[in-house]
Amino acid sequence: MKKKILITAGPTNEYIDEVMKITNMSTGRLGIELTKNYLNEGYEVTLIATRSVVRSNLYERYNLENNPNLKTIPIETTEDMLQALINESKNKYDLVIHSSAVGDYKPEFSFRMEDLADELAQAITQGLITKEEILSILTNPKCKVNDDTKISSYEPHLTVKLTLTPKLISKLRKLFPEATLIGFKLLENVTKEHLLEVATKLCIKNDMDYIIANDLHDLRQGTHLSFLVNKDGYQNEQFKSPEDIFASTKEKIKSH
């Protein structure tokens, strides 16, 4: 029986209104490269990826759309990806590689600074001057902009209040209890020791089998160096390419 692999790839997009969004610099290349390699060796792959990644030149270059062993699920937001993971948890997977750069924040609402200033001034004149009362206004003002349609392009003081997105990595073990789980951790301009320590703690906290850790500073310098850790720490494996990661991860699939 063919082994089944689930891979997440690319950024998530969180919408401010019907047109504007916040995202990150992830291209999804690693997830696409891993998908290609697993398909080439006869695995069945489900790819959950942002639509921009599915439409990318890399996706087309590898002719992934026409591969009978590939199921692609295009998503946009973190909530979309979570729902896709929940849906796919009904199927049995041998390996889950969570390489998507899920956004940490999403817009909760927008407002004009001028309107908020008016609201705060009115509250102060009414004697609402405690820290808790002011914070209540700041976190839930009455002057929210309607973001169901496109917000005007001529708002010089438009402000967006952000809130946290769901931490998808924390849900993987419950969704896929029998699969080998591999996640990623990206920090910037830290020592190798600190990077490995943080990645190990992430692995333990989320009951992952492995975490692949890298430094954004190295990526910006063109050095694609990453390190493998498990709950016991650094496993003396480092990778310089998606092919290296593929060669290692396929050896980590548990026997059932």
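The values are calculated or read from the model by the stated rules, or taken from the named source; none is laboratory data. Please read all numbers here as calculations on a predicted model, not as lab measurements. When we count neighbours, we look across all protein chains shown, and the Cβ atoms used for this are built from the backbone with ideal geometry, even at glycine. Quick note on the areas: whole protein, heavy atoms, side chains included, nothing else; ligands and nucleic acids left out. Shrake-Rupley method; radii C 1.70, N 1.55, O 1.52, S 1.80 Å.
For region 223-246, which positions are open to solvent by 50 Å² or more (accessible area, probe 1.4 Å) and either under 19 Å from the mean Cα position of the chain (by Cα) or of a type outside the set (Lys, Arg) (or both)?
We begin by selecting, within region 223-246, every residue open to solvent by 50 Å² or more (accessible area, probe 1.4 Å); these are 223-224, 231-232, 234-238, 240, 243-244.
Correct list: Thr223, His224, Asp232, Tyr234, Gln235, Asn236, Glu237, Gln238, Glu243, Asp244.
For region 78-86, indicate whether the set of residues that are more than 30 Å from Lys142 (Cα to Cα), at pLDDT below 95 and among the aliphatic types (A, V, I, L, M) is non-empty.
If we filter region 78-86 for residues that are more than 30 Å from Lys142 (Cα to Cα), which is where we start, we get 81-86.
Then keep just the ones that are at pLDDT below 95; that gives none.
Scanning region 78-86, I find no residue that is more than 30 Å from Lys142 (Cα to Cα), at pLDDT below 95 and among the aliphatic types (A, V, I, L, M), so the answer is no.
Applying the condition of being open to solvent by 30 Å² or more (accessible area, probe 1.4 Å) and among the aliphatic types (A, V, I, L, M) to region 136-171 and asking which residue is modelled with the lowest pLDDT yields Leu138. Screening region 47-92 for residues that are small (Gly, Ala, Ser) and in contact with a helix residue (DSSP H, G or I) (Cβ under 8 Å, 6 or more places away or on another chain) and picking the one that is nearest to Lys3 (Cα to Cα) gives Ser89.
Filtering region 199-222 to residues that are out of contact with any helix residue (DSSP H, G or I) (no Cβ under 7 Å at 6 or more places or on another chain), open to solvent by 40 Å² or more (accessible area, probe 1.4 Å) and within 27 Å of Arg173 (Cα to Cα) leaves Lys201, Ile204, Lys205, Leu216.
In region 184-199, the residues that are touching a residue at least 60 places away in the same chain (Cβ under 8 Å) and under 10 Å from Ile212 (Cα atoms) form Cβ pairs under 9 Å with partners that are among the hydroxyl-bearing types (Ser, Thr, Tyr) and assigned to a strand (DSSP E or B), at six or more places apart or across chains, as follows: Phe184/Ser226.
Selection of first residues in region 116-135 that are within 16 Å of Thr159 (Cβ to Cβ) and in contact (Cβ under 8 Å) with a residue 40 or more places away in the chain and of second residues that are open to solvent by 60 Å² or more (accessible area, probe 1.4 Å) and part of a loop (DSSP other than H, G, I, E, B), restricted to Cβ pairs under 7 Å at least 6 apart or on distinct chains, gives an empty result. The strands (runs of 3 or more DSSP E) found entirely in region 16-115 that carry 2 or more residues being surrounded by fewer than 21 Cβ atoms within 10 Å (Cβ to Cβ) and in contact (Cβ under 8 Å) with a residue 60 or more places away in the chain are 105-112.
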